[in-house]
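Below is one structure, written out as structure tokens; comments come after it.
The values are calculated or read from the model by the stated rules, or taken from the named source; none is laboratory data. Just so it is clear, the structure is predicted and the values come from calculations on it, not from any experiment. Ideal geometry is used to build each Cβ from the backbone, glycine not excepted, and the neighbour counts take in all protein chains shown.
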Amino acid sequence: MIKTGILNPAILSLVSRVRHTNTLVIADRGFPFWPQIETVDISLVDDVPTVLQVLKALLPNFKAGRAWVAEEFLSHNSEEQAAAVRNVLGAIPLELLPHVDFKLGVPRAIGLIRTGDATPYANIILESA
């Protein structure tokens, strides 16, 4: 029985199928549904859980080589929120894309984890190393 780390079986299954250079999306509550990729919806209520909380939970067991967020994240949120994302990512390079271009990368992902995050443009794409 798993006692620590990620307990959600759907997320464990999804993450176990991510290979070198594959991507995984962690999305906010309003992100569009993409029927061509697997979606694990863990939204409960507003901001439970958040994208940042899911990111923190995933990274100890997920070797990420790069991450992307929409440029709009910076212009619609506080510097503290941006710093929190950079802090959680640590040495993982963070790249900015226009939101339209960000969404173009979503269909190539292995899957998407939808959260209850109400933060504008809180979505992140992680690429495995």
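At a glance:
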quantity	calculated
Residue pairs meeting the criteria (Cβ under 8 Å; at least 6 apart or on separate chains; first within 18 Å of PRO60 (Cα to Cα), in the stretch 89-113; second assigned to a loop (DSSP other than H, G, I, E, B) and not polar (S, T, N, Q))	ILE113/ILE42
Sole exception among (1) touching a residue at least 60 places away in the same chain (Cβ under 8 Å); (2) within 14 Å of THR115 (Cβ to Cβ) for ILE37, by number	(2)
The stretch 1-24 residues that are of a type in the set (Ser, Thr, Tyr), paired with ones that are modelled with pLDDT of 95 or more and part of a helix (DSSP H, G or I) (beta carbon under 9 Å, 6 or more apart)	THR23/VAL106; THR23/ARG108
Odd one out for ALA82 among (1) within 16 Å of ALA129 (Cα to Cα); (2) modelled with pLDDT of 95 or more	(1)
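A quick yes/no check of all residues on (1) surrounded by fewer than 19 Cβ atoms within 10 Å (Cβ to Cβ); (2) under 22 Å from ALA129 (Cα atoms):
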| position | (1), (2) |
| --- | --- |
| GLU38 | yes, yes |
| VAL45 | yes, no |
| LEU52 | no, yes |
| ALA57 | yes, yes |
| PRO60 | yes, yes |
| LYS63 | yes, yes |
| ALA70 | no, yes |
| PHE73 | no, no |
| HIS76 | yes, no |
